[in-house]
There are 4 protein chains.
Amino acid sequence: MMNMTMQMMEMHAAEMPMRNMDLAMMQECIEACSACEQACTVCASCVTGEDSAIHMETCMNTADMCNTMMRMMLRSAGMHMESMTAMLQATMTQCNACAEECMKHADMHEDCRMCAEACRQCAMACQKMMDAMTTSMPMG
Amino acid sequence: MMNMTMQMMEMHAAEMPMRNMDLAMMQECIEACSACEQACTVCASCVTGEDSAIHMETCMNTADMCNTMMRMMLRSAGMHMESMTAMLQATMTQCNACAEECMKHADMHEDCRMCAEACRQCAMACQKMMDAMTTSMPMG
Amino acid sequence: MMNMTMQMMEMHAAEMPMRNMDLAMMQECIEACSACEQACTVCASCVTGEDSAIHMETCMNTADMCNTMMRMMLRSAGMHMESMTAMLQATMTQCNACAEECMKHADMHEDCRMCAEACRQCAMACQKMMDAMTTSMPMG
Amino acid sequence: MMNMTMQMMEMHAAEMPMRNMDLAMMQECIEACSACEQACTVCASCVTGEDSAIHMETCMNTADMCNTMMRMMLRSAGMHMESMTAMLQATMTQCNACAEECMKHADMHEDCRMCAEACRQCAMACQKMMDAMTTSMPMG
C-alpha cells in the first residue's frame, strides 16, 4: 500500500525523468534507507573499547549515506540518472561493508546483529533499484 | 507494536539519562519526524513562481530540523535534557510555521496540503515529548 | 572579508525578513557552525572505553545541529524569526554541553580539547546572532 | 597551512587504513565540499518559474551529497576504500551535473554562476582524491 510520501510523489510522476519508474519499488528502497539510517544511528555507540572508532565511524557513514540516498529518491524532478546510479552503487557498497563490520560484534551485541540485518535489506533494495534503472535507461 | 529501531533502543534503556522515558511515545515522535522530513523534501519543489523561494526554504529547514531531531532521540546515551527540550521547542515552532506556509498553497497543490498535515502531526508529537520530559525532569 | 557564500547571500539581502541583518556577523556564525560540525565529526570517535557512548553521541548531536543551524542561516527567504531564535538557543545549549563533555577528556586527548574550543566559539557566535535578532525584532 | 580540523585529523593519521593519505589534498577536498554545500544551499531557491523544481532539487541533492562526502573524509578510522571511491565518483558526477544545470541560469542569476564554479571546484577536488586513492591502493 502506498504511504503518504509515495502518494505525494505520484502527483509528481509526470515530471520524472524516468516515466516508467516503479513507485512501489522506490517506496521499498526509501523505507529501507530510512530504517537503515535509524538502525545505524542507534548502533553507532554500541561497541566500546578497542574497535569502537572503526565501528562507530562505519555506522555513521552508512547513516549519512542512507539519508542522502533517500532524499535523492524523494526529489523526482532533480533526478540525474548517472549520479543516481553512482550513489546507489556507493550506498550498496557501504551497507554491505557495514553489515560485515557489525556482524563482527553480533555475538556480544544483539543490536549489532539487527543493524547488520537493516544494512543488508538496504543493500538489496538499492541493488533492485539500480537493476531497474539500468534496464529502463535509454540506449545510447 | 515496537519496530526494530525501538527494539534496539530498548536494549540501551538502562543507559538513558531519563530512566522512565516512554519508548512508545518516543517511537511515535521519531516516526512523525521521519514522515515530516520525507513530506517536506518532496513538497519543497512543488510551488513555482513568486513564492517558491519562501516555500522551498521553509520546507527544507523543516526537513533538516526533523532529521536532526530524530537523530537526537535515537542517541539515548548522549541525550542532554536542556538542549533536547530546546530542540523540541525549535522543531515544533518550525513545523507549525511550515504547516501555515504550506496551507497557503493547499488549494492549488494537494501535496502541499498533505505536507501541512505531516508538519502538524510532527509538531503535536514534539509537544507530547516535551510535556513528558518537563514533567519527569528532577526538580532543582 | 566576504567569502563567496556571503557574496551570494548579499544578492538575496532584499528578500530577507530582517532587512538589517548584519551579514558579517552571520558569516562568522556560519563559519563557526561549519568548523564545529567538522571538529565534532572528527572528535566523535576519539574516546574509547567506558564513556565512549556518551561522548560520541554528544559530539554527533552537536555536528548535526550545527549543520542544520548553518543551513537555516543560508536560507534567507525561508527565515522564520521565532524558530530561528529557538534553534540558535538549542544549538548554543548543545555546544556548551558538548564543550563540557569534551573537556572531561582533554587531559588524555588533545583533539578533545580542540573540539571543546570549536564548540565554545560556536556557542558564542550563536549567542551574538541571537542577541542581534532579539534587538532588531519588531516590538509587538 | 593546516586548519584546526586537519590538525585533529593528523592525530588520527596512524589509524587510517591508508597510511600515505595526503592530508593537504584531503583538506582541499573537505573545504571544496563544504563550500559547495553552502553555495548549493543558497542557490537552491534562486531560480523561480518553470525550471525551479529541477534546479532546486539538483542543488539540494548536491548539497546533501557534499555534506556526506565531507563527513566520510573526516572519519579516518571508518574509511572503507571501495565505498569511499564510489562516493567520490557519485559526488563528482553530481557536481558536474549541477554545474551544467546552474550555468543554464547564469545569464539571469549571478549567484547561479558562482554556484556552478563551486560545483566545478568540488568535482575537481574529488577527482584528485580519487586518482590518489586508486594509485595508492594495494594491488589485488
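The values are calculated or read from the model by the stated rules, or taken from the named source; none is laboratory data. Predicted model, so just to flag it, every value in this text is computed and none were measured. Counting neighbours? That spans all protein chains shown, and the Cβs are built from the backbone with ideal geometry, glycine included. Areas reflect the complete protein model, heavy atoms only, side chains present, ligands, DNA and RNA absent. Shrake-Rupley method; radii C 1.70, N 1.55, O 1.52, S 1.80 Å.
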Fill in the blank from the handout: From DSSP H assignment alone, runs of 4+ in the protein assembly as shown each adding -39500 (n - 2.57), the sum over residues rounded to the nearest 500 puts [θ] at 222 nm at -25000 deg cm²/dmol
Exercise for the section: At 1.4 Å probe size, with every protein chain present, just tell me what the per residue accessible area of region D:24-136 comes to in Å². Expected result: 30
Fill in the blank from the handout: Relative contact order as a percentage, region C:2-78, C-alpha pairs under 8 Å and 6+ apart, gives 40
Exercise for the section: Name the residue, out of D:ALA63, D:ALA53, D:ALA32, whose mean-square fluctuation peaks in a Gaussian network model built on chain D with Cα pairs under 10 Å. Expected result: D:ALA53
Completion exercise
Averaged over residues of A:30-39, the number of beta carbons from other chains lying within 10 Å of each residue's Cβ is 4
Handout entry: Calculated FRET efficiency for the pair C:ALA14/D:MET11, C-beta based, R₀ 41 Å, to 0.05
Key = 0.35
Problem - Protein-only accessible surface order, largest first, of C:THR48, C:THR5 at 1.4 Å - result: C:THR48, C:THR5
Practice task
Could you state how much accessible area A:VAL47 has, in square angstrom rounded to the nearest 10, with a 1.4 Å probe and all protein chains kept in place?
Solution key: 10
Completion exercise
Descending accessible area (1.4 Å probe), largest on the left, turns C:ILE30, D:ILE54 into D:ILE54, C:ILE30
Handout entry: Using a 7 Å Cα-to-Cβ projection, B:SER136 label spacings across copies, nm, ascending
Key = 4.1, 4.4, 4.7
Problem - Accessible area in the full protein assembly, largest first, 1.4 Å probe, for D:HIS109, D:HIS55 - result: D:HIS109, D:HIS55
Fill in the blank from the handout: For region D:24-136, the percent of accessible surface on carbon and sulfur atoms (probe 1.4 angstrom, ligands and nucleic acids excluded) is 51
Completion exercise
Relative contact order as a percentage, chain D, C-alpha pairs under 8 Å and 6+ apart, gives 29
Handout entry: Taking the convex hull of Cα positions in the protein assembly as shown, its mean projected area over all directions (nm²)
Key = 25.0
Practice task
Helix by helix through chain D, keep the DSSP H runs that span 24 Å or more along the axis on Cα and average at least -1.0 on Kyte-Doolittle, and give those back in order.
Solution key: D:23-43, D:52-74, D:81-103, D:110-136
Problem - Per residue, the convex hull volume that the Cα atoms of region A:24-136 enclose (Å³) - result: 81
Fill in the blank from the handout: Taking every residue of A:43-52, the Cβ atoms of other protein chains inside 10 Å of its Cβ average out to 6
Problem - Charged-residue dipole, Cβ positions (Lys, Arg, Asp, Glu), region C:24-136 about Cα centre, Debye nearest 20 - result: 420
Handout entry: Copies compared at A:ALA106 - label distances in nm, ascending, label defined 7 Å from Cα in the Cβ direction
Key = 4.3, 4.7, 5.1
Fill in the blank from the handout: Taking the square root of 5λ for each eigenvalue of the C-alpha gyration tensor of region A:1-90, the equivalent ellipsoid has semi-axes, largest first and in whole angstrom, of 31, 14, 8
Completion exercise
Interface buried area D-A, accessible surface with 1.4 Å probe, both sides summed, nearest 100 Å², comes to 2200
